[in-house]
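Novice: The structure follows.
Every read-out reported here was derived from the displayed coordinates using simple, explicitly stated rules and does not represent laboratory data. Please read all numbers here as calculations on a predicted model, not as lab measurements. Positions of Cβ are backbone-derived with ideal geometry, glycine not excepted, and every protein chain shown enters the neighbour counts.
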Ligand SMILES: *Cc1c(COP(=O)(O)O)cnc(C)c1O
């Protein structure tokens, strides 16, 4: 078995308070080091011993992409905010003072983009199911309460707010029961996507409590179970030598035997994450269970904003039997200004990389924005009747009728998100703008089908912030 050749490693996580115990950081100047501490007071930080020892190239910090991916960077905060926390850290301010300053800054960083909190929360028999999101007809997202952390945090995470202790904003659901109840009523749902955090932070016996009920009677319409994870990149031992690694693989096999597809939606940001013996052994073991690994990641400045990274990554994925799936555009939250890549540049990087790979890798789609109305892919730029435009298309939408319909926005080299775009050809609004307003007004997503109560539901989190 592949695992036999890999030496077990005991997981050790390093958080903000452990920065002093990472000797490699002494390569940085005192200012840089204090700067990292200051940013880590505001944005989540967690890294593990595998990432430190095998993924980061310490002789290349701070530019090293894996260092940028996992360690807070000075440029991530607004300069005035940074100066404030930097001064507090430097003079050894109390934890209470530091936290108070951090909370104020966090609140300014659009902690919950794309109407995630309210617009997507479905209901069973009239009551909200808070650990679940149902935005697209065929797929529900489920956030198991024990899966809301990760083996290491990505600095660009769009769910960063749930890691900084704003408890009321956490999605959580202790019960698999309400998920099953919802699915029994919703035969249009074919796919359940476990996400987080990282669901594979859970011990297998806990994960099993969520997955097994989905294999039972009354859920024959469910064809696939997906697990969104970065464990394949950040902690491959989860599939190799951890005490419950074998049990996890048995669970994958069980899904397969129950006649359903198990898709591991693996988050790979950089080709280096696929390049270690551990990462490759993990993929081999996962594949022995019949599970299929599909790969997705956002395009991130300082981490992977060039075509050769993506072409390498997609080629390596196919070589290792995994399937390139999505390239995302960085979302409009947190330190977006630090990581963002303009759409015009994103589409160029995508096309350049796409040209360099065979058809087997061209299963990938992107660059795609997970925005309020849906997943919008930038197909390219074109000049139509003398006007330079972006050609756009929904690959998922709140209203399934919008999917696949091309639409056009004025070309603008600086736009980074759907909200920045203006309709082309003198149109006053995009075709989906009015129906989206209706969806928001009715608080009823077409994805939820007809069975959902028609009356206006109560507000779930005390405020409504439709985007
Ligand atoms: C991406 C996404 C899904 C899954 O969409 P697929 O295109 O089927 O991969 C489901 N729900 C939400 C909210 C998503 O963002």
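Novice: Starting from a Cα-only point model with no solvent, please compute log10 I(q)/I(0) by Debye for region 33-87 at q = 0.15, 0.17, 0.18 1/Å.
Specialist: The Debye formula, applied to the Cα set alone, gives -0.43, -0.54, -0.60.
Novice: Mind jotting down the distance between the C-alpha centroids of region 48-89 and region 290-306, whole Å?
Specialist: 20
Novice: Pull out the extension gain between residue 403 and residue 127, defined as 0.36 nm times the separation in residues minus the alpha carbon to alpha carbon distance; nm, one decimal.
Specialist: Numbers: separation 276, 0.36 × 276 = 99.36 nm, distance 2.93 nm.
96.4 nm is the gain from fully extending residue 403 to residue 127.
Novice: Let me ask something additional. For region 127-152 and region 191-233, what is the separation of their Cα centres, given in Å?
Specialist: If you average the Cα positions of each part, the centres end up 10 Å apart.
Novice: Ranked highest first by the average count of other Cβ atoms within 10 Å around their residues, in what order do 203-209, 300-306, 94-100 fall?
Specialist: Numbers: 203-209: 16.6, 300-306: 20.6, 94-100: 12.0.
Packing order, densest peptide first, comes out as 300-306, 203-209, 94-100.
Novice: Report Rg(Cα)/(2.2 N^0.38 Å) for the chain, keeping two decimals.
Specialist: Values: Rg = 22.1 Å, N = 467, 2.2 N^0.38 = 22.7 Å.
Normalised by 2.2 N^0.38 Å, the Cα Rg of the chain equals 0.97.
Novice: Right, something else. Could you work out the helix-only [θ] at 222 nm for the chain, with each DSSP H run of four or more residues adding -39,500 (n - 2.57) and the total divided by the number of residues, to the nearest 500 deg cm²/dmol?
Specialist: Working: 13 runs with 129 residues, N = 467.
After summing the helix terms and dividing by residue count, I get -8000 deg cm²/dmol.
Novice: Here's a follow-up. On each of the three principal axes of the Cα atoms of region 2-106, give max minus min coordinate, whole Å, ordered largest first.
Specialist: 50, 26, 21
Novice: For region 219-311, just say rounded, prolate or oblate: build the C-alpha gyration tensor, square-root its eigenvalues into a ≥ b ≥ c, call rounded for a/c under 1.5, and beyond that prolate if a/b exceeds b/c, oblate if not.
Specialist: Details: a/c = 2.78, a/b = 1.55, b/c = 1.79.
Oblate, since a/c reaches 1.5 and b/c is not below a/b.
Novice: Could you give the nm distance between label points at residue 83 and residue 276, where each point is 7 Å from its Cα heading toward the beta carbon?
Specialist: Modelled inter-label distance: 4.0 nm.
Novice: Take residue 95 and residue 437, extend 7 Å from each Cα along the Cα→Cβ direction, and tell me the distance between the two endpoints in nm.
Specialist: The two pseudo-label positions are separated by 5.0 nm.
Novice: If packing is taken as the average count of other Cβ atoms within 10 Å, what order do 16-27, 217-228 fall into, highest mean first?
Specialist: Details: 16-27: 13.0, 217-228: 17.0.
For the peptides 16-27, 217-228, the packing ranking is 217-228, 16-27.
Novice: Applying a 10 Å radius around every beta-carbon, put 73-82, 369-378 in order of their mean neighbour count, most first.
Specialist: Numbers: 73-82: 17.3, 369-378: 23.4.
Listed from highest to lowest mean packing, they are 369-378, 73-82.
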